[in-house]
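The values are calculated or read from the model by the stated rules, or taken from the named source; none is laboratory data. Bear in mind that the values here come from a model prediction, so they are computed numbers and not experimental data. Cβ placement follows ideal geometry from the backbone for every residue including glycine, while neighbour counts extend to all protein chains displayed.
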Amino acid sequence: MTTLQSNTTELRTCDTTGLPVFKGAEFFIRLNAVCAVVFLLVGGIAALLLALTRWQTVHLLGPEWFYRVLTLHGINMLIFWLLFMEIGILYFACTTLLNSRLFSKHLAWASFVLMVSGAVMTNSVILMGKADVLLTSYLPLLAHPLFYLGIILFAVGALLGVFNFFGTLYIARRDKTYAGSVPLVTFGATAAAIIAVVAVGHGALALIPVFTFSLGLTPEPDPMWYRLIWWGLGHTSQQVNVTAMVAVWYLLATLTTGARAPNEFVCRAAFVLYILFINLASAHHLLVDPGVGAGWKIWNTSYAMYLAVLASMIHAFTVPASVEIGMRLKGYTRGVFDWLLNAPWRNPGFSAFFLSLVIFGFIGGITGVTLGTQQINIIAHNTLRIPGHFHATVVGGTTLAFMGLAYYVVPLIFQKDYIARPLARIQPYLFGGGITLMSFGMSFAGSEGVARRTWDIEAAGVYGASTHMMLGLLGIGGILAFTGLLIFVLLTVGTLLIGKSNKGRPMACWGVPKTITKIGAEAEREVDPHNTPGAMTLVVILLVAFAVYYFANWGALADVWHVR
C-alpha cells in the first residue's frame, strides 16, 4: 500500500513511525481510549470480587451481591471496555493508516455521548439492584427499563461510530489518500465493522421489544425467540472482538518485528470467512435449548461453524509466519526457532501480542471448537468449562492484545512516553499468566461438574478436594490477573498525567532484539519468504494438542453414556 499526500493540513507526522495523525481523529481516539480504560477497571474490580467468591475458601460475596457483581462484570468487560477500545481502533485504522481525515466530527461526538450515557445509565441501574439479570438478561427475568435503554443507547452510539468509519473509508478512496488496496490491518478492521452491524441489528430485534415490555407497552416476547435472537448479539459481538484482535495482531507484529505477511490475499480471505460464517457459531450457545431443532443445531455447529474455524486456523499460521519472516529477514536464520528465541520479549507490545496469540489459540480455540460439538456441549454447557473457554478467548486473547496495542498507541496519540517501563515489561506476563491459571481452574472445576453462575457449591456436598483445589487455582489466577490489569491501568493513567512528552522527537523505544546473526541485504538474499518451518511447527503442535483434547472429551462422554 502506497500512501499519497492528504488534502488536509490538520495533521502531524509521528517522528518515530512516520505515520500521519489527524487532529480531529486523534481527539476522539483519546476520548474512547480513556473511557475504555475506565470501564476496564470497573469490570476488573468486579472480576476480582467474583474470583474471591467462587474460591470457596474465601467466599467473599453473599448471593445478592454475587449476581449483581456478575452482571456488572459481564456488561463492562464484554461490552463497554471492548467496544470503546474498538471504536478507537476503527478511527485509527481509517485515518492514520489511510492518511485521511475523519468523516464527521459531529457523528463522532454523537457516538461518544450516546455510548457514555448508555454505559453510565446501565451501570447505575445495576448498582442500584434493579438489574440482577446477568449479561444474557434472559426472559422471564426482567430488569428496570433504564437497563435496556442504556444498552440500546450504547449500541446506537457504537453503530454511529461504525458508520463514521465507513464514511471515512469512502472519503479516503474518493480523495485518493492512498493507492492500491487498503492495508491488511484496515481490511481486518472493516471486517470487524461489518460484523458489528450484524450484531447491533440482532440487539435491536431482541432488546427493543423487551424494553417496551418492561414499560408495560407491549406483551412479553417469547423467551425462546428472545434467546435465539439475543445470541445473534451476544456471540456475534464477541466475534467483533476476535476480528479486531486479529487485525491488532498483524499491526503489533509489524510494529515490533517488522513482520511481513506470507500472503496477504490468503489473510484477507480469512477475514471474509469471518464475515460470512462467524455468526453461525452463535448456535453453540443454544445446543441445549429446546427452542430450536436438532437439524439446525447440527448444521450450524458441525458443519457451517467450521468455515469460521478455518479462518482462525489460517490466521494461526499466517500471524506467527509473518513474524518469522520479519525476524529471518533481520538475520535470525539459525534452526527452526532462532527467530522466536530472539524475538523482542522485553517489549510489552510484542509479549502481549504473542501471549494473546498463544492463549487464544491453544486454550480458547481448542476448548471452543470442542465445546461447539453437540454431544460434548450437552454435558459441559452449564458448567464452569464455558467461562473457562471464553476467559481464554476474550480476556487472554482480545484484552491482552488491546493492552499491547496501548503500549504503542498511547505514545503515538497522546505523545507521552510510558512511565515505569520495567513494570510495563512484566505486566503482560502477569496478566496472561493469571488468566491462564484462571481458565485452567474454571475448566477443570467445570469438568468435575461445578456449575457456572452459581454462588455456592457447598450445599450439594458432592465435591472433593480436587474440585476445591481447582477453584483455588481460579481465585489465585484472578488475583494475579487483576494485579496485571491494575498495573496496566496505573501505568496508562500515570503516563497520561506525568509521562514525559515526546513532542518533536522519536518516542522512547522498548528495546531491540538480541544480537543478529546476519544483517542487511545479506540476510534478505538468503531468506525464502515462503519458508517458515517455525510457524509450521507451532501449527502442528496446535493440531496435535487439539486432537488429544478433542478425543479425551469423547472418552469422557463414554464414561457418562455407557454403550454396550
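Any residue at all in the range 475-491 that is of a type outside the set (A, V, I, L, M) and either over 30 Å from LEU31 (Cα atoms) or part of a loop (DSSP other than H, G, I, E, B) (or both)?
Yes, that holds for at least one residue.
Give the residue, chosen from ILE378, ILE435, ILE386, ILE426, that is touching a helix residue (DSSP H, G or I) at 6+ places or on another chain (Cβ under 6 Å) and either within 21 Å of ALA36 (Cα to Cα) or surrounded by fewer than 24 Cβ atoms within 10 Å (Cβ to Cβ) (or both).
Result: ILE435 is the single residue among ILE378, ILE435, ILE386, ILE426 that is touching a helix residue (DSSP H, G or I) at 6+ places or on another chain (Cβ under 6 Å) and either within 21 Å of ALA36 (Cα to Cα) or surrounded by fewer than 24 Cβ atoms within 10 Å (Cβ to Cβ) (or both).
I'm checking my understanding of the structure. Among residues of the range 437-473 that are in a helix (DSSP H, G or I) and aromatic (Phe, Trp, Tyr), which one is nearest to GLY388 (Cα to Cα)?
PHE440
Determine whether PHE414 is surrounded by fewer than 21 Cβ atoms within 10 Å (Cβ to Cβ) and in contact with a Lys or Arg (Cβ under 7 Å, 6 or more places away or on another chain).
Yes; evaluated as a whole, the condition is true for this residue.
Among the numbered criteria (1) of a type outside the set (A, V, I, L, M); (2) under 23 Å from VAL200 (Cα atoms); (3) surrounded by fewer than 19 Cβ atoms within 10 Å (Cβ to Cβ), which single criterion is violated by LYS176?
Checking LYS176 against (1) of a type outside the set (A, V, I, L, M); (2) under 23 Å from VAL200 (Cα atoms); (3) surrounded by fewer than 19 Cβ atoms within 10 Å (Cβ to Cβ), the one that fails is (2).
Please enumerate the residues belonging to the range 404-428 that are touching a Gly at 6+ places or on another chain (Cβ under 6 Å), of a type outside the set (S, T, N, Q) and more than 19 Å from ALA244 (Cα to Cα).
LYS416, ASP417, ILE419, listed by residue number.
Cβ-Cβ below 6 Å, separation at least six or inter-chain, first residue in the range 409-431 and part of a helix (DSSP H, G or I), second of a type in the set (Phe, Trp, Tyr) and buried (at least 20 other Cβ atoms within 10 Å of the Cβ): which pairs?
ALA424/TYR418; GLN427/PHE488
Out of everything in the range 29-84 that is more than 20 Å from ALA196 (Cα to Cα) and among the polar types (S, T, N, Q), what residue ends up being surrounded by the most Cβ atoms within 10 Å (Cβ to Cβ)?
Checked the range 29-84; the qualifying residue surrounded by the most Cβ atoms within 10 Å (Cβ to Cβ) is THR71.
Can you name every residue in the range 160-184 that is part of a helix (DSSP H, G or I), under 21 Å from the mean Cα position of the chain (by Cα) and at pLDDT below 95?
Across the range 160-184, the qualifying residue is only LEU184.
Could you tell me how many of the residues in the range 321-368 are surrounded by 22 or more Cβ atoms within 10 Å (Cβ to Cβ) and under 21 Å from ILE278 (Cβ atoms)?
9
Which of the helices (runs of 4 or more DSSP H) contained wholly in the range 289-355 include at least 3 residues that are of a type outside the set (A, V, I, L, M) and closer than 22 Å to LEU255 by Cβ?
Ranges flagged: 305-329.
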